[in-house]
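Asker: What follows is a structure written as structure tokens; I'll ask about it next.
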Amino acid sequence: MKTNEERLEEMLRHLDRLSHVRASQIPEIPLYMDQVTTFMEEHLKDFKRNEADKVLTKTMINNYAKNNLLPPPDKKKYSKEHMLLLIFIYYYKNLLSISDIETLLAPITENHFQTESPVSLEDIYSEVFSLRDEQKKRLTDDMKQKFEAAESTFSGAPDGEREFLRLFAFISELAFDVYLKKLVIEGLIDQLREENPPAKDKNKKARTRTETRPR
């Protein structure tokens with residue numbers, strides 16, 4: 001059985017191997033659906049929990065378009081900008097609801113997807129992911145600190161139970177950290193939704209103002 005130190009080192013090595021898809025790796029020519037899923041599978045496979053899992057399926061992509069997360073393809077072909085959005089969605093989908101992702105991506109899609117904006121979607125993608133390396137270092141340091149704190153707990157527990165209890169404390173500490181960050185993210189998205197309601201909500205509010213306007 002592995003020690004807690006061995007478990008941590010294994011996970012840190014795994015994190016160190018992970019790398020995001022660089023914009024320059026994405027083909028400039030539009031891709032058909034099968035080509036999109038093949039590309040994503042190849043470049044994001046290291047993020048899968050189980051080998052049998054699929055990074056992205058046709059059903060997922062169709063659902064994203066149906067739920068306004070992704071603009072429809074042009075003649076069944078997906079542009080480089082579609083691919084960039086799909087990668088953002090891939091990271092968000094295990095943390096946020098469809099509604100939250102729609103709220104977060106709506107201004108990006110509206111202002112930077114195939115527009116004349118001086119800041120392209122590729123610029124946004126590259127800028128955001130340029131923070132990745134420093135974030136990975138901070139994450140590694142933070143995990144080591146949490147691990148050391150957990151290793152100082154349960155000093156009075158029996159030898160046969162101490163190792164697991166300390167692992168449980170470490171996992172719980174990580175989970176609490178993720179939970180608090182998720183609350184912050186959801187709170188920020190709620191603010192965005194209030195400030196920029198979806199089109200259907202805007203129309204509803206406009207109708208309400210018209211109906212209640214003094215005659």
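The values are calculated or read from the model by the stated rules, or taken from the named source; none is laboratory data. The model shown is predicted, which means the values in this text are computed figures rather than measured ones. Because the Cβ atoms are built from the backbone with ideal geometry, glycine has one as well, and the counts that use them run over all protein chains shown. Ligands, DNA and RNA are excluded from the accessible area calculation, which covers all protein heavy atoms including side chains. Shrake-Rupley method; radii C 1.70, N 1.55, O 1.52, S 1.80 Å.
Asker: Please enumerate the residues belonging to the stretch 30-51 that are assigned to a loop (DSSP other than H, G, I, E, B) and under 15 Å from LEU86 (Cα atoms). Spell out the reasoning first.
Answerer: Here is the first cut: in the stretch 30-51, the residues assigned to a loop (DSSP other than H, G, I, E, B) are 30, 48-51.
Once the filter is applied, which keeps residues that are assigned to a loop (DSSP other than H, G, I, E, B) and under 15 Å from LEU86 (Cα atoms), the stretch 30-51 yields only PRO30.
Asker: So which helices (runs of 4 or more DSSP H) are wholly in the stretch 80-197 and hold at least 2 residues that are closer than 23 Å to TYR64 by Cβ?
Answerer: Numbers: elements: 80-92, 98-112, 121-129, 132-151, 159-195.
Per the criteria, 80-92, 98-112, 121-129, 159-195.
Asker: If only one of LYS54, LYS2 is closer than 30 Å to GLU161 by Cβ, outside any helix (DSSP H, G or I) and not aliphatic (A, V, I, L, M), which one is it?
Answerer: Details: LYS54 fails: closer than 30 Å to GLU161 by Cβ.
After ruling out the rest, the residue left standing is LYS2.
Asker: So, one more: Identify, please: which residue in the stretch 38-62 is among the β-branched types (Val, Ile, Thr) and under 17 Å from ILE98 (Cβ atoms) and is, among those, most open to solvent (accessible area, probe 1.4 Å)? Reasoning before the result, please.
Answerer: Within the stretch 38-62, the subset among the β-branched types (Val, Ile, Thr) is 38, 55, 57, 59, 61.
If we keep only those that are under 17 Å from ILE98 (Cβ atoms) too, we end up with 57, 59, 61.
Numbers: THR57: 42, THR59: 91, ILE61: 1 Å².
Top of the filtered list is THR59.
Asker: Same structure again: Given the residues ILE171, ILE185, which is the only one that is over 30 Å from ALA106 (Cβ atoms) and either within 21 Å of the chain's Cα centre (by Cα) or at pLDDT below 95 (or both)? Break it down into steps so the answer makes sense when it comes.
Answerer: Values: ILE185 fails: over 30 Å from ALA106 (Cβ atoms).
Every option except ILE171 fails the conditions.
Asker: Which of the residues belonging to the stretch 151-170 are surrounded by 13 or more Cβ atoms within 10 Å (Cβ to Cβ) and either without any contact (Cβ under 8 Å) to a residue 24 or more places away in the chain or in contact with a strand residue (DSSP E or B) (Cβ under 7 Å, 6 or more places away or on another chain) (or both)?
Answerer: We begin by selecting, within the stretch 151-170, every residue surrounded by 13 or more Cβ atoms within 10 Å (Cβ to Cβ); these are 151, 153-154, 157, 162-170.
Within the stretch 151-170, THR153, PHE154, ALA157, ARG162, PHE164, LEU165, PHE168, ALA169 qualify.
Asker: A follow-up question, please. Determine which single condition PRO27 fails, assuming it passes every other condition in (1) open to solvent by 60 Å² or more (accessible area, probe 1.4 Å); (2) closer than 22 Å to HIS112 by Cα; (3) assigned to a loop (DSSP other than H, G, I, E, B); (4) not hydroxyl-bearing (Ser, Thr, Tyr).
Answerer: Exception for PRO27: condition (1).
Asker: If we keep just the residues of the stretch 63-122 that are acidic (Asp, Glu) and in contact with a helix residue (DSSP H, G or I) (Cβ under 7 Å, 6 or more places away or on another chain), which is most open to solvent (accessible area, probe 1.4 Å)?
Answerer: First, pick out the residues of the stretch 63-122 that are acidic (Asp, Glu): 74, 81, 100, 102, 110, 116, 122.
Pick out the ones that are also in contact with a helix residue (DSSP H, G or I) (Cβ under 7 Å, 6 or more places away or on another chain) and you get 81, 100, 122.
Working: GLU81: 41, ASP100: 17, GLU122: 68 Å².
Of everything passing the filter in the stretch 63-122, GLU122 is most open to solvent (accessible area, probe 1.4 Å).
Asker: What number goes with the only condition from (1) out of contact with any Phe, Trp or Tyr (no Cβ under 7 Å at 6 or more places or on another chain); (2) closer than 25 Å to GLU10 by Cβ that ASN111 does not pass?
Answerer: ASN111 satisfies every listed condition except (2).
Asker: Cβ-Cβ under 6 Å, sequence separation 6+ or interchain: first residue in the stretch 1-28 and over 16 Å from ASP141 (Cβ atoms), partner surrounded by fewer than 11 Cβ atoms within 10 Å (Cβ to Cβ) and modelled with pLDDT under 95. Which pairs?
Answerer: From residues that are over 16 Å from ASP141 (Cβ atoms), the pairs are LEU18/ASP46.
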